[in-house]
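Nothing in this text is a laboratory measurement; each read-out follows from the coordinates by a stated rule. Here the structure is a predicted model, which means the values were calculated and not measured. Don't worry about glycine lacking a Cβ; one is built from the backbone with ideal geometry, like all the others, and counts go over all protein chains shown.
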Amino acid sequence: MQHDLSTKTAAVIGAGPAGLMAAEVLAQAGVQVCVYDAKPSVGRKFLMAGKSGLNLTMDAPLDVFVPHYAEAADTLRPILQGFDAAAVQDWARGLGQEVFTGSSGRVFPRAMKASPLLRAWLVRLNDLGVRMQTRWRWTGFDGDALIFDQGRVTADVTVLALGGASWARLGSDGAWADILRGQDIAVAPFGAANVGLQVEWSAHMTPHYGQPVKAVAWQAGDTTSRGEAILSARGLEGGGIYAIARAVREGAALTVDLMPDQTVQQVAARLAKKRGKESHANHIRKTLKLEPLKLALLQEWARPLPQDPQALAGVLKALPVAHIGLRPLDEAISTSGGLSFDALDEALMLKARPGTFAAGEMLDWEAPTGGYLITACMATGRWAAQGAVAHLQAT
């Protein structure tokens, strides 16, 4: 039996994609919803994500999609099944935003930017009666009440969608972790995910700043990435590096294969050709058709270069990358760690606080870039809201 929920209230804390999706589902069920956000405007990290093209999801079947969430895959499977890649695309079209799938399977709005989608979403939420309170920072609980720096709020249900701990200036500062730990709620330590690498380059690398490292294979532990990276004064950034960031974070050594489409034997055979009066570097460049940036990386990380063709081929195929770790946590696209699933029931409700649900990046899961992050944020926001609706109907 469905209950009239028009007298029920919901507080959603955090106005990113998880919080806004939770607000949409709750409001569609008839609940009076207010979204609270510490920043002067909503969806700031969402808008930042869309600056280079808003990657909403990955056009892949569930059995291909879900394993990208690693150890959280089994927990997230039913949640993602409820709001999969096809559902994300239908949802965007429902807001008047046509989407397209790129050659890699990544799905983007035709407009590429996040702002048209966010504007249409906020219009829908406004039409549903959702209220927005910006510049309201949540500071904790007081019994059944929510405490903000602007005042005290009570609601029949609460959805926490406070984000991870990166890009603090956009709202995800991770300050909520100490609040929940203070309630004896388990929160795993944060780590940087999808983040660049810090490298202290020697002076001869300066002319190469801003150039892409292409057609290589990065290897860290059991993870291999064929993605590109951009070389900058601070190190290496880009999808190729983000894909191996977790393995590096967990202590794996990093190497790069500068010639991933050839075997060691093939490379050694080419290097064994007579070089005459040419310098060693010129011989390598010409026989292997090695572009200047790759040659510079070889000279940067393998000095002195082996003279023996077989040994040099081995270095070219597994060049140790000398780095000083990942970029700082606040610069990461996303974070690992967060609110433990053990602290939540199957509806994403806090076991220690009935009626309080959690969603989005604040939960303890991580995934690569490629649409997996936004999809899981929206899917968990939807799932938590559905749990909150069911809770209201049962009470």
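Fully extended, how many nm does the chain gain between GLU98 and ASP74 (0.36 nm per residue separation, minus their Cα-Cα distance)? Working shown, then result.
Working: separation 24, 0.36 × 24 = 8.64 nm, distance 3.10 nm.
Net length gain for the segment: 5.5 nm.
Starting from the Cα of GLN183, move 7 Å in the Cα-to-Cβ direction to define the label point; list residues of the range 1-35 whose amide nitrogen is under 15 Å from there.
The answer is 11-14, whose backbone nitrogens lie closer than 15 Å to the label point.
Could you give P(r) for the range 197-320, binned at 5 Å from zero, as whole percent values over all Cα-Cα pairs?
Reading upward from the zero bin: 2, 11, 21, 24, 19, 14, 6, 2, 1, 0.
Could you work out the local net charge near ALA322, counting Lys and Arg as +1, Asp and Glu as -1, over the other residues with Cβ closer than 10 Å to its Cβ? Write out the running numbers ahead of the final one.
Values: positive: none; negative: GLU200, GLU300.
The answer is -2.
What FRET efficiency would be calculated for the residue pair ASP4, TYR209, taking the C-beta separation as r and a Förster radius of 56 Å, to the nearest 0.05? Write down the numbers at each step before the final one.
Numbers: r = 62 Å, r/R0 = 1.11.
Given R0 = 56 Å and the Cβ-Cβ separation, E is 0.35.
Going Cα to Cα from LYS8, which aspartates and glutamates come in below 14 Å? Please leave out same-chain ones fewer than 8 positions away.
ASP156
What would the Debye equation give as log₁₀ I(q)/I(0) for the chain at q = 0.07, 0.12, 0.13 Å⁻¹, counting only Cα atoms as equal point scatterers?
With no solvent term, the Cα-only Debye profile gives -0.39, -0.91, -1.03.
Among ARG152, ARG77, ARG382, which comes first, then next, by fewest other beta-carbon atoms within 10 Å?
ARG152, ARG77, ARG382
Pulled fully out, how much extra length does the chain show between VAL64 and ALA111, if you take 0.36 nm times their separation in residues and subtract their Cα-Cα distance?
The VAL64-ALA111 span can extend by a further 14.2 nm.
Could you tell me which of rounded, prolate or oblate describes the range 1-95, using a ≥ b ≥ c as the square roots of the eigenvalues of the alpha-carbon gyration tensor, with rounded for a/c under 1.5 and, failing that, prolate when a/b is larger than b/c and oblate otherwise?
Numbers: a/c = 1.96, a/b = 1.29, b/c = 1.52.
Since a/c reaches 1.5 but b/c is at least a/b, the shape of the range 1-95 is classed as oblate.
Work out which helices of the chain, taken as complete DSSP H runs, extend at least 20 Å along their axis over the Cα atoms and score a mean Kyte-Doolittle of 0.5 or more, then list them. Before the final figure, lay out the partial values.
On the way: long enough: 372-394 (33 Å, 0.62).
Those that clear 20 Å and a mean of 0.5 are 372-394.
Between ARG137 and LEU305, what FRET efficiency follows from the Cβ-Cβ distance if R0 is 56 Å, with the result rounded to 0.05?
Working from the Cβ atoms, E equals 0.50.
Take the eigenvalues of the Cα gyration tensor for the range 258-361, scale each by 5, and report the square roots as semi-axes in whole Å, largest first. Could you put the intermediate results ahead of the total?
Details: eigenvalues 547, 41, 22 Å².
Values for the range 258-361, descending: 52, 14, 10 Å.
Applying a 10 Å radius around every beta-carbon, put 298-308, 59-69, 351-361 in order of their mean neighbour count, most first. Could you put the intermediate results ahead of the total?
Details: 298-308: 13.7, 59-69: 16.2, 351-361: 23.1.
By packing density, highest mean first, the sequence is 351-361, 59-69, 298-308.
222 nm [θ] for the chain, helices only, -39500 (n - 2.57) per DSSP H run of 4+, per residue, to 500? List each step's numbers first, then the result.
Details: 14 runs with 129 residues, N = 395.
One gets -9500 deg cm²/dmol as the mean residue ellipticity at 222 nm.
Can you tell me the FRET efficiency between ARG234 and SER52 if r is taken as the Cβ-Cβ distance and R0 is 22 Å, rounded to the nearest 0.05? Display every interim value, and only then the final one.
On the way: r = 18 Å, r/R0 = 0.82.
According to the calculation, E is roughly 0.75.
Can you tell me how the range 196-265 classifies by the Cα gyration tensor, rounded, prolate or oblate, using a/c under 1.5 as the rounded cut?
Working: a/c = 1.82, a/b = 1.22, b/c = 1.49.
Oblate, since a/c reaches 1.5 and b/c is not below a/b.
Among LEU316, GLY387, ALA161, whose Cα sits farthest toward the positive end of the charge dipole of the chain (+1 at Cβ of Lys/Arg, -1 at Cβ of Asp/Glu, about the Cα centre)?
LEU316
In a shell of Cβ-Cβ distance under 14 Å around ALA70, excluding ALA70 itself, what net charge do Lys and Arg (+1) and Asp and Glu (-1) give?
Details: positive: ARG77, ARG246, ARG249; negative: GLU71, ASP74, ASP222, GLU250, ASP364, GLU366.
Result for the local shell: -3.
Straight-line reach from LYS45: which lysines fall under 24 Å, measuring Cα to Cα and dropping same-chain residues less than 8 apart?
Once the sequence-local lysines are set aside, what remains near LYS45 is LYS113.
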